[in-house]
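This report refers to the structure that appears directly beneath it.
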Amino acid sequence: MVFTGRPNAGKSSLIKELAGLNIIIGKHAGTTRKISHYPLNDGLVLVDLPGLGKMVGVSRKFEEKVNKQIIEFLESNAQDIVLAVAVLDISTFLEVTWRLEKKGFMSVDVEMVKFLASNLGEFPLVAANKIDKTNKRELEANLNEFTNRISNGDPTKVKDHVFPVSAKKGTGLGELKSAIHERLVAKGYKTPFKVKLQ
């Protein structure tokens, strides 16, 4: 089971809250700089990938090396990945996406979700994190734009895959946890979560 996303999307914080793992989290983009494996149960391993994209406090060469490692890991392990959770900072989605598009780049968040769907043969779960950092109107606009883009204009196809959450406040984590549990059980795994969330 892998967790992916841009630097500072909150992957590690989300894993800590969902699985109760004691992992290092930071306030700056790029705290997770290597692929970390956490054995859970029944041969299930949770993998916390570094953020894909711009990292703070590292050279361009190191950043490119990490980005390449992430893609290679996902491609070479595709047949063994039982579940992928793509994490994004939904509070800044439109702002970041438009800024990238002005420079001629596609949204890393959209690109990663489509890459996972294509390589793994099934649509990933998406944790639209940091809903506590935006107001209701902006959140709705960001979610609508994001789901429209990842579904190629048909958001109904992905409505059961996108979960607005706040790792910091705990909001929405129960629904995401249930979806992860259902996917894993359907593939013959026991739920790895020991901590009951409200």
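Of 191, 92, 107, whose Cα points farthest to the positive end of the dipole of the chain (charges on the beta-carbon: +1 Lys, Arg; -1 Asp, Glu; origin at the Cα centre)?
92
Within 10 Å of each residue's Cβ, count the other Cβ atoms and sort 106, 1, 112 from fewest upward. Present the calculation step by step, with values, prior to reporting the outcome.
Details: 106 12, 1 22, 112 27.
Arranged by neighbour count, lowest to highest, 106, 1, 112 become 106, 1, 112.
What does the helix-only formula give at 222 nm for the chain: each DSSP H stretch with n ≥ 4 adding -39500 (n - 2.57), the total divided by the residues, and the result rounded to the nearest 500 deg cm²/dmol?
Values: 6 runs with 78 residues, N = 198.
Computed mean residue ellipticity for the chain: -12500 deg cm²/dmol.
Using the Cα centre of the chain as the reference point, and only Cβ charges (+1 on K/R, -1 on D/E), how large is the resulting charge dipole? Debye, rounded to the nearest 20.
Details: 30 positive and 22 negative charges, 128 e Å.
It comes to approximately 620 debye.
Cut-off is 10 Å between beta-carbons; in what order do 74, 120 appear when sorted fewest neighbours first? Show your work: numbers first, answer last.
Working: 74 21, 120 18.
Fewest-to-most Cβ neighbours within 10 Å comes out as 120, 74.
Rg and Dmax of the chain, using alpha carbons, in Å: what are they?
Taking only Cα atoms of the chain, I get Rg and Dmax of 15.8, 46 Å.
Readers should treat all values here as calculations from the given coordinates under stated rules, not as data from a laboratory. Source: prediction; values computed, not measured. Quick reminder, even Gly has a Cβ in these numbers, built from the backbone with ideal geometry, and neighbours come from all protein chains shown.
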